[in-house]
Amino acid sequence: AVTEANTGDISVKLKTKRHRDIWTIMNEIRAKVTQQEPAVDVDFVLKLEDMIGDLTSAPQPIVIEMFSPNAPLLNSWAPKVADAIGDIQVRGRHPVVDIDNGIDSTTSGPAIVFNVNVASAAHAGFSPQNVANEADAMLDGVTASAPVVVNDRPYTLRIRFPETIRSSLSAIENTMLISPAGQMANLGSLASFTELPGQTEILEDNQQRYVAVSARLEGLDTGHGIAAVQRALDGLHLPSSIRVEYGGLYQQEQQSFHDLALVLIMAVLFVFLVLLFEFRSFSAPVSILVSAILAASGAFFALLITGTTLNLSSFMGIIMVIGIVAKNGILLLDADEKFKSVGFAAEEAIVQAGRRRLRPILMTALAAAVGMLPLALAIGSGSQMLQPLAIAVIGGLLIATVLSLMVTPTIYYYMTRREETVG
């Protein structure tokens, strides 16, 4: 089994044609489970999100890691932290859901230890292994020697004692067993029973003990969610001996944003070098990259009006927009160079280049925008993950089309004129 005995996964596939979104359905099921089975802790997560979380070893968006060598102190403050973040309200609703205080989920249930009395067992005709096998069969059951075949598919069966016998310790003690020699004795006369309390799992990071309080966000982005959690923890006034770190998907996201920012800087640098080698002047790379960077404002504006957060997916869309704008600028300025080579004046050449490249630039932008439209509208299974990317690309392309036809040639024209004047 991939999970512990006290946990399990239930995969639910929703209908394709439905009038409610997935978040509304989750809220309804969560409320029903909490009402009917309050002792059960439920955690609702999208399948793809869960797979990515497992691969990154950070399955939860919010993970509050509380470090302290004082275990009782951690055990007392972790539930308080869980209650505090559960009380967070944003716009009249509680966005922090599926809260785990880090104590209940890491505490095992009570255990029962069987100590076989060798002399009593031998007198009744049992060996210690016989008693252990009977106790194991009573509690966990034994696998049948042959599977049951139904519709040409084998099913392994596990056989164990009735529920009435396994329901209480007294019933287990009074259960009669038959030895290989045919003698009878109850389990209580063959072994002594010791009950052990539940044990808390010890979590350590860099040889430092910690407790992790985790939760998910619903209807709120990670940045604002973490800010609200931090304000809630500041109001608790945790002891100075407890050090708090924020992990989970938030930590992974911060690292990914840092890496993507580096990728964006490197992309702009490499595009600048390629343009510099192609046009052999600084005016063309500067004019193209200014338009490319300004085109990012279109992506931000599209995210703003659609209420979409700036995440990793939308960040990648911005990087794509910069590449597309650079390509449009190359087409435009390449046409300008050709018109100059046949004797056109600088001003006339840039105007003719704009006319010549107007249709290709508009068609490529329109084709890309239309191609991204299904993703932007979240049409199709799994499209919600790439929806921010599509929105950023469409917004950036709409602005980039205007910038490529107006800002790029204008900057290039005045920079080349100044170079000619200086020269």
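The values are calculated or read from the model by the stated rules, or taken from the named source; none is laboratory data. Just so it is clear, the structure is predicted and the values come from calculations on it, not from any experiment. Quick reminder, even Gly has a Cβ in these numbers, built from the backbone with ideal geometry, and neighbours come from all protein chains shown. Just so you know, the surface numbers come from the protein's heavy atoms only, side chains and all, with ligands and any DNA or RNA stripped out. Shrake-Rupley method; radii C 1.70, N 1.55, O 1.52, S 1.80 Å.
Below is a table of values for the structure above.
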item	result
Which listed residue, of 276, 233, is touching a helix residue (DSSP H, G or I) at 6+ places or on another chain (Cβ under 6 Å) and of a type in the set (A, V, I, L, M, F, W, C)	276
Region 198-216, residues that are open to solvent by less than 30 Å² (accessible area, probe 1.4 Å) and of a type in the set (Lys, Arg)	216
Qualifying position, being at pLDDT below 85 and either part of a strand (DSSP E or B) or surrounded by fewer than 14 Cβ atoms within 10 Å (Cβ to Cβ) (or both), among 235, 219	219
Some residue of region 166-176 being in contact (Cβ under 8 Å) with a residue 60 or more places away in the chain and among the hydroxyl-bearing types (Ser, Thr, Tyr)	no
Selection count where residues are modelled with pLDDT of 85 or more and surrounded by 13 or more Cβ atoms within 10 Å (Cβ to Cβ), scope region 84-96	6
Set 25, 52: member being β-branched (Val, Ile, Thr), at pLDDT 85 or above, part of a helix (DSSP H, G or I) and over 30 Å from residue 238 (Cα atoms)	25
Lone unmet requirement of (1) farther than 30 Å from residue 198 by Cβ; (2) among the aromatic types (Phe, Trp, Tyr); (3) part of a strand (DSSP E or B) for residue 114	(1)
Qualifying positions in region 222-232 - modelled with pLDDT of 85 or more and in contact with a Phe, Trp or Tyr (Cβ under 7 Å, 6 or more places away or on another chain)	226
Of the criteria (1) touching a Phe, Trp or Tyr at 6+ places or on another chain (Cβ under 8 Å); (2) open to solvent by less than 70 Å² (accessible area, probe 1.4 Å); (3) more than 30 Å from residue 212 (Cα to Cα), which one residue 124 fails	(1)
Scope region 279-289; condition open to solvent by less than 80 Å² (accessible area, probe 1.4 Å) and without any contact (Cβ under 8 Å) to a residue 24 or more places away in the chain; matching residues	285
Selection status of residue 423, farther than 30 Å from residue 14 by Cα and at pLDDT 85 or above	no
Test for residue 366: is it surrounded by fewer than 16 Cβ atoms within 10 Å (Cβ to Cβ) and either among the hydrophobic types (A, V, I, L, M, F, W, C) or part of a helix (DSSP H, G or I) (or both)	yes
First in region 65-83 and within 13 Å of residue 213 (Cβ to Cβ), second anywhere and of a type in the set (A, V, I, L, M, F, W, C) and open to solvent by 40 Å² or more (accessible area, probe 1.4 Å), Cβ under 6 Å, 6 or more apart	66/244; 82/99
Hey, residue 104 among the charged types (D, E, K, R), out of contact with any helix residue (DSSP H, G or I) (no Cβ under 7 Å at 6 or more places or on another chain) and either open to solvent by less than 80 Å² (accessible area, probe 1.4 Å) or modelled with pLDDT under 85 (or both) or not	yes
Failed item in (1) open to solvent by less than 80 Å² (accessible area, probe 1.4 Å); (2) closer than 18 Å to residue 138 by Cβ, with residue 195 passing the rest	(1)
Total residues in region 134-157, condition modelled with pLDDT of 85 or more and either closer than 16 Å to residue 188 by Cα or basic (Lys, Arg) (or both)	1
Selection count where residues are more than 21 Å from residue 312 (Cα to Cα) and in a helix (DSSP H, G or I), scope region 244-268	0
Residue in region 238-278 that is most open to solvent (accessible area, probe 1.4 Å), counting only those that are of a type in the set (Phe, Trp, Tyr) and under 27 Å from residue 325 (Cα atoms)	277
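Quick grid of which residues meet (1) among the hydroxyl-bearing types (Ser, Thr, Tyr); (2) open to solvent by less than 50 Å² (accessible area, probe 1.4 Å):
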position: 291; (1), (2): yes, yes
position: 300; (1), (2): no, no
position: 318; (1), (2): no, yes
position: 331; (1), (2): no, no
position: 336; (1), (2): no, yes
position: 348; (1), (2): no, no
